[in-house]
Amino acid sequence: MFDASFRQSSMFDGSFRQSLRDRLLQQQTSGYSYMFEDRTPANCCSYRYFSEKITGFVKKSKGVLVTAWEMGTSDPRKIIFSAKMGLALTLISILVFFKLPGSELSNHYLWALLTLVAIFEFSIGGTFSKGCNWGLGTLSAGALALGMAEISKITGNWAEVFNVASIFVVAFLGTYAKQYPTMKPYESGFRVFLLTYCYIIVSGYRRGEFMETAVSRFLMIALGGSIGLIVNTCIYPIWAGDDLHNLIVKNFVNVATSLEGCVNAYLNSVEYDTMPSRIQVYEAVTDDLAYTGYRSAVQSTSEEDTLMSFASWEPPHGLYRSFRYPWKMYVKVGGALRHCAFMVMALHGCILSEIQAPEEKRYVFRNELQRVGVEGAKVVRFIGEKLKKMERLNPKGGDILDEIHQAAEQLQSKIDDKSYLLVNADNWEIGNRFRDVTDGIEIWNLDDEDEEELSRRNLAHESQSEATLRLKQRSWPSGISTSSIMSLQPERVSEESRMYVSARALSLPTFASLLIEFVVRLENLVKAYDELCEIAYFKEAIIV
């Protein structure tokens, strides 16, 4: 995976400081190629300075245009949504320019524009959610403000003090209630509640017309909200439920692709010369399908929750023709899939690991590992296809996990049969039980020469399989020359090499155990999907 110098320093020097120093020196020496280039900064008033700035601006402008074009072509709904927003604002502006009946309403037209911009969301559910929050916040704030206005009239000369104190108390209580965990979906309603209350109290007091201010404010909000709902619902509606459904289906495909990629890369001994820095900080990487597959499923938690909250506001539509559709079960299925994706992430971590199992040992378990990976990806992809069609899994009562369970059992059996390949034979004590019993008491009294004699005597008890295995194992890490080994102390070479060989051997059962754990977690995924099928009344699968 890494270069020879990295392996030598990390395995035989006992730390990563030498390898880090070598890589830093390599980076510094690579910069010497720029020694003879002209890297002096240009003068701020020179032709070169303006030329570089204009060239950079042109390149950035082209990049922005290309990105905007790709964004629109990849999802044309974004262009349609932008056009709907422009149309809704245009309709309100036309009503304002042609003067609504009543001068009082015309003085508050700005609230219609603000309401439209605030509640107009990408999906129908988001628009309904924001619209209801704004409506409830406006009504409750208006009623409270009118009540406080009547009380302030009784206070007489203390009306200003009472209004200021009421604003503080209402703002404190409203802001504190907004931070309550269950009130998080209604945060926008609390904001408009505080804004409306303060506006009515201040504006109504200055004009002396609390009722007219509250009514005008509510009518303008109703105008902006109704236009936004009509335009967003009647012109190419975009449903959050459809987006949630498609997102879960897409995650199934991504996890299956990532699982296949990880197993194939491990069996083909794919190694990274250097681990990508973006993977180290868990950022998006477009050229690694195995990484992007499980990352998209793991990162979609907040998006699924948001879409679920918006979809719960949407009326029955399309394939979702029942009220109170079980959108929470979609999120539950997505969580079960994410639980499986964590195992794929761990499998990918084995590929990124510095210590790798020898290729000859991977070849011994190749068929079993390949079968588990293929069957696992087949199950995940099959459930995703059924979810896309909204069909049940088992029309004949069969179990879709039979094949992958057999593959996992075959892999486990192969590991049991070939377990001697997964440990370092130098540390075995096969055939030495008699020595342990007879010499257990005397071993503490041996001097150095007696210990050497005992070691030679133990070698005579080695089995033939141990000797064969010893010939197959490498005495030092691959990629390290014999000269570099001889430069180190002999006892240190033996100890570090033995540790490295043991670690390499244990890398293979680690990968296999993670793959088996993935199979176990598939059962929870199947149970969650079956529960969704029952609650959502999925149709029976069509048998061809």
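The values are calculated or read from the model by the stated rules, or taken from the named source; none is laboratory data. What you see is a predicted model, and the numbers here were worked out from it, not measured in a lab. Cβ atoms come from the backbone with ideal geometry, glycine included; neighbour counts cover every protein chain shown. Heads up: the accessible areas ignore ligands, DNA and RNA and are worked out on the full protein's heavy atoms, side chains in. Shrake-Rupley method; radii C 1.70, N 1.55, O 1.52, S 1.80 Å.
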(request) Answer yes if at least one residue in the range 141-160 is of a type in the set (S, T, N, Q), touching a Gly at 6+ places or on another chain (Cβ under 6 Å) and touching a residue at least 12 places away in the same chain (Cβ under 8 Å), and no otherwise. (result) no
(request) Only one of these is aliphatic (A, V, I, L, M), within 21 Å of residue 79 (Cβ to Cβ) and open to solvent by less than 10 Å² (accessible area, probe 1.4 Å): 248, 238. Name it. (result) 238
(request) State yes or no: is residue 303 among the acidic types (Asp, Glu), open to solvent by 60 Å² or more (accessible area, probe 1.4 Å) and modelled with pLDDT of 70 or more? (result) yes
(message) Checking the conditions here, which among 65, 24, 105, 20 is modelled with pLDDT under 65, within 31 Å of the chain's Cα centre (by Cα), of a type outside the set (Val, Ile, Thr) and in a helix (DSSP H, G or I)?
(response) 20
(request) Could you list, in sequence order, all residues of the range 73-89 that are in a helix (DSSP H, G or I), open to solvent by less than 70 Å² (accessible area, probe 1.4 Å) and not small (Gly, Ala, Ser)? (result) 77, 80, 81, 84, 85, 89
(request) Taking residue 338 as the residue in question, decide whether it is more than 23 Å from residue 292 (Cβ to Cβ) and at pLDDT below 95. (result) no
(request) Looking for whichever is within 23 Å of residue 521 (Cβ to Cβ), touching a Lys or Arg at 6+ places or on another chain (Cβ under 9 Å), buried (at least 19 other Cβ atoms within 10 Å of the Cβ) and at pLDDT 85 or above here; the options are 368, 375. Which one fits? (result) 368
(request) Can you confirm whether the range 83-99 contains a residue that is modelled with pLDDT of 90 or more and of a type in the set (Val, Ile, Thr)? (result) yes
(request) Pairs only if they're at least six apart or on different chains, beta carbon under 7 angstrom, first in the range 209-233 and small (Gly, Ala, Ser), second not in a helix (DSSP H, G or I); list them, first residue then second. (result) 216/108; 228/120
(request) Determine if the range 287-296 includes at least one residue that is part of a helix (DSSP H, G or I), at pLDDT below 90 and closer than 25 Å to residue 185 by Cα. (result) yes
(message) Go through (1) within 30 Å of residue 125 (Cβ to Cβ); (2) open to solvent by 60 Å² or more (accessible area, probe 1.4 Å); (3) in contact with a helix residue (DSSP H, G or I) (Cβ under 6 Å, 6 or more places away or on another chain); (4) outside any loop (DSSP other than H, G, I, E, B) for residue 385 and report which single condition fails.
(response) (3)
(message) Suppose we keep only residues that are under 41 Å from the mean Cα position of the chain (by Cα) and polar (S, T, N, Q) within the range 117-175. Which one would you say is surrounded by the fewest Cβ atoms within 10 Å (Cβ to Cβ)?
(response) 175
(message) So the check is Cβ under 7 Å with 6+ separation or different chains; which pairs have a first residue in the range 338-362 that's touching a residue at least 24 places away in the same chain (Cβ under 8 Å) and a second one that's β-branched (Val, Ile, Thr) and outside any helix (DSSP H, G or I)?
(response) 351/270
(message) Taking the condition of being modelled with pLDDT under 85 and either among the hydrophobic types (A, V, I, L, M, F, W, C) or open to solvent by 60 Å² or more (accessible area, probe 1.4 Å) (or both), how many residues in the range 395-412 meet it?
(response) 4
(request) Could you run through the range 513-544 and say how many residues are within 19 Å of residue 378 (Cβ to Cβ), at pLDDT 85 or above and open to solvent by less than 20 Å² (accessible area, probe 1.4 Å)? (result) 8
(message) If a residue must be open to solvent by 50 Å² or more (accessible area, probe 1.4 Å) and closer than 19 Å to residue 254 by Cα, how many such residues does the range 306-348 contain?
(response) 4
(request) Scan (1) out of contact with any Leu (no Cβ under 9 Å at 6 or more places or on another chain); (2) over 23 Å from residue 86 (Cα atoms); (3) modelled with pLDDT of 85 or more for the single condition residue 171 breaks and write down its number. (result) (1)
